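Presented below is the structure to which this report refers.
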Amino acid sequence: MIATRLSGFPVKKGAVLCGTRVIPLVIKKERLDQARIAAGPEPILSLLPFQPLKYGLITTGNEVFYGRIQDSFTPVIQEKLGEYGCTLLAHETLGDEPAGITAAILKLLDQGCDMIFCTGGMSVDPDDRTPLAIKNTGATVVSYGAPVLPGAMFMLAYTADGRPVCGLPGCVMYARRTIFDLILPYLLVRRPVTAGQLAGLGHGGLCLNCPDCHFPDCSFGKGY
């Protein structure tokens, strides 16, 4: 038997990934050979290294653009991605006009960003136009919305060459753990996230907002 950790979460050097036992304590070599054949030639487990990617950040919203409120989103993103060695290559601050947001996304992609994150304008208010702007880049939208709280208004799209463009809901700015923490590890190992995978997050997708957060050693995001 083999028991493993749940897939999709970051681990550090020295972490235990799996354990194995021979249930009867003694077993014939032929049975081990049968198990080896049944497992096939490919490794049963894989450990993927995080890549120090370059990302672009686009802050949207008239309130920030015209200086009526302070941008509190950008420092949160920089700190979270900094933990993985990622570099902020370019940052744009724009209003709520979708054509300008679309143009900024395309510009940052041309500058060589491996990932694009858009903050602001992700709710259902009439002036929240970031989802439309992401769609108008021509990127393939995987999903606009996810069954995760916090993080229901998350959007994920991929460019033709596989670079992710994400619309991050406002909860990422103030909640300790959100949909972003569940999806980011996949982005950083360049493993595509599917619509089915996002849909499956509904089982286990409710963060209990515990006074003492022990993520990822909790139930959040572990239903799939």
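The values are calculated or read from the model by the stated rules, or taken from the named source; none is laboratory data. Quick caveat: nothing in here was measured; it's all calculated off a predicted structure. Glycine also receives a Cβ, built like all others from the backbone with ideal geometry; neighbour counts cover every protein chain displayed.
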Please specify each residue of the stretch 158-173 satisfying the condition of being at negative phi and either among the small types (Gly, Ala, Ser) or free of Cβ contacts under 8 Å to residues at least 60 places away in the same chain (or both).
Tyr158, Thr159, Ala160, Asp161, Arg163, Pro164, Cys166, Gly167, Pro169, Gly170, Cys171
Scope the stretch 188-214; condition touching a Leu at 6+ places or on another chain (Cβ under 8 Å) and either among the acidic types (Asp, Glu) or in a helix (DSSP H, G or I) (or both); matching residues
Leu188, Leu198
So, Val172, is that one in contact with a helix residue (DSSP H, G or I) (Cβ under 8 Å, 6 or more places away or on another chain) and closer than 23 Å to Gly61 by Cβ or not?
yes
Enumeration of residues in the stretch 46-70 that are modelled with pLDDT under 95, surrounded by 14 or more Cβ atoms within 10 Å (Cβ to Cβ) and among the small types (Gly, Ala, Ser):
Gly61
In the stretch 99-138, which residues are out of contact with any strand residue (DSSP E or B) (no Cβ under 9 Å at 6 or more places or on another chain) and under 14 Å from Phe154 (Cβ atoms)?
Ser123, Val124
Can you report the number of residues in the stretch 103-136 which are within 25 Å of Leu188 (Cβ to Cβ) and in contact (Cβ under 8 Å) with a residue 24 or more places away in the chain?
21
Please indicate, with yes or no, whether at least one residue in the stretch 103-112 is within 23 Å of Ala139 (Cβ to Cβ), under 18 Å from the mean Cα position of the chain (by Cα), assigned to a loop (DSSP other than H, G, I, E, B) and not hydrophobic (A, V, I, L, M, F, W, C).
no
Residue under evaluation Leu132, criteria (1) in a helix (DSSP H, G or I); (2) modelled with pLDDT under 95; (3) touching a Gly at 6+ places or on another chain (Cβ under 8 Å), criterion not met:
(3)
Quick one: in the stretch 1-45, which of the residues that are among the acidic types (Asp, Glu) and more than 30 Å from Leu187 (Cβ to Cβ) is surrounded by the fewest Cβ atoms within 10 Å (Cβ to Cβ)?
Glu30
